[in-house]
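The values are calculated or read from the model by the stated rules, or taken from the named source; none is laboratory data. What you see is a predicted model; the values in this text were computed from it and never measured. Note: ideal-geometry Cβ built from the backbone for every residue, glycine included; neighbour counts use all protein chains shown.
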Amino acid sequence: MKINKIIFTILLLLIAGLVVACGSQSTPEATAPPANEMETMPDTEMDTEMEDMSDGEMEDGEMEDMEDGEMEDMDMNAEVPADLDTSLSRPTEQGTYQVTISSELDPLSLNEIHNWTIHVATPDGTAVTNAEITVDGGMPVHQHGFPTAPQVTENLGNGDYKLEGVKFSMAGWWEMHLDIAADGQSDSVTFNIVLP
């Protein structure tokens, strides 16, 4: 509706410009130009049209401000549950293993591919030296995975394993899910990692 009023106002201004141009360059053969529609429009109606245009522009500006404000207020950490366990050492779901993870980056940063060390032990602390580990994860709130495909590439000995290719592409709550199998037993664990 406001767009129609704006187009109407622009057309009136164009017609007024043509009327003025025709009046100053009239020839004997030229017919008299139509009355200036701008002059015949009541002042109050013209004021209303101009106010509507201004209001429309204000609304657009307000909308841009609102969008900017929403982006500023969209704190990724607001999506993190208050009671989220972010410990980097925890038992697997069935208690088969005790797993500890540590990053080579301290502090963690965005958009940087880096490595982690995974330590796997039994509940009594004995190192698990022959584990097979697969890695998955992502952002549960946004329902997307890692932007890379992290994988365990090396058994470092003494229950330590090298995880390569981890990258966090945005701030917020990430999960790192490990499936671990060794000596005929398998279990899994999920770590919660929050990037500010």
key: Scope the stretch 153-182; condition buried (at least 20 other Cβ atoms within 10 Å of the Cβ) and farther than 21 Å from MET139 by Cβ; matching residues   = GLY159, TYR161, ILE180
ask   = Of the numbered conditions (1) touching a Ser or Thr at 6+ places or on another chain (Cβ under 6 Å); (2) closer than 15 Å to ASN115 by Cα; (3) not basic (Lys, Arg), ASP179 satisfies every one except a single condition; which is it?
value = (2)
request  = Output the qualifying pairs, or none if there are none: Cβ atoms under 6 angstrom, residues six or more apart or on different chains, first residue in the stretch 126-149 and closer than 19 Å to SER188 by Cβ, second residue aromatic (Phe, Trp, Tyr) and at pLDDT 95 or above.
outcome  = ILE133/TYR161; GLY137/PHE146; GLY138/PHE146; MET139/TRP174
request  = Filter the stretch 104-135 down to residues that are among the hydroxyl-bearing types (Ser, Thr, Tyr) and in a loop (DSSP other than H, G, I, E, B) and give me whichever is surrounded by the fewest Cβ atoms within 10 Å (Cβ to Cβ).
outcome  = THR126
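Quick grid of which residues meet (1) more than 21 Å from TYR161 (Cβ to Cβ); (2) out of contact with any Asp or Glu (no Cβ under 9 Å at 6 or more places or on another chain); (3) modelled with pLDDT under 95:
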residue: MET76; (1), (2), (3): yes, yes, yes
residue: GLY95; (1), (2), (3): no, no, no
residue: SER102; (1), (2), (3): no, yes, no
residue: HIS114; (1), (2), (3): no, no, no
residue: ASN130; (1), (2), (3): no, no, no
Hits in the stretch 136-188 - residues which are within 15 Å of THR100 (Cβ to Cβ) and either of a type in the set (Val, Ile, Thr) or assigned to a loop (DSSP other than H, G, I, E, B) (or both) = VAL152, ASN158, GLY159, ILE180
